1. Just want the ordering: 49, 19, from fewest to most Cβ atoms lying within 10 Å of their own Cβ.
2. Using the number of other C-beta atoms within 10 angstrom as an exposure proxy, rank 41, 89 with the fewest first.
3. With labels modelled as points extended 7 Å from the Cα through the Cβ direction, what inter-label distance (nm, one decimal) is found for residue 65 paired with residue 5?
4. Cut-off is 10 Å between beta-carbons; in what order do 27, 33 appear when sorted fewest neighbours first?
């Protein structure tokens, strides 16, 4: 991951609709969701959602598969985890005992949220 890739991903999530779509896809897991189902669940017009999904697709955050006349979208969880690693890899500098080194991120987050 580099700064340009991270910026592209953040740009693709720069809307409440896109954040909601991402969270809905993450909840669905690798089964994904058909665009029409997503639009209905989100309460927005299918063509409006299509615009947002296209931006997420361009950034690599989602993949799409044609299934008959439907489009099924799936989240790219690995890319999101790469982004989180990129954002936190310099956390606490060289102090790996500070609790926020990427290898200890899950533990650190759990402790910080207590």
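1. Working: 49 22, 19 12.
Placing the least packed residue first, the sequence is 19, 49.
2. Details: 41 14, 89 11.
Starting with the residue having the fewest Cβ neighbours, the order is 89, 41.
3. Here the answer is 2.4 nm between the modelled labels.
4. Neighbour counts put them in this order, fewest first: 27, 33.
The numbers here are math on the coordinates, done by the rules we state, and not lab data. Everything numeric in this text was worked out from a predicted model, so none of it was measured. Reconstructed Cβ throughout: ideal geometry from the backbone, glycine too, with neighbour counts over all protein chains shown.
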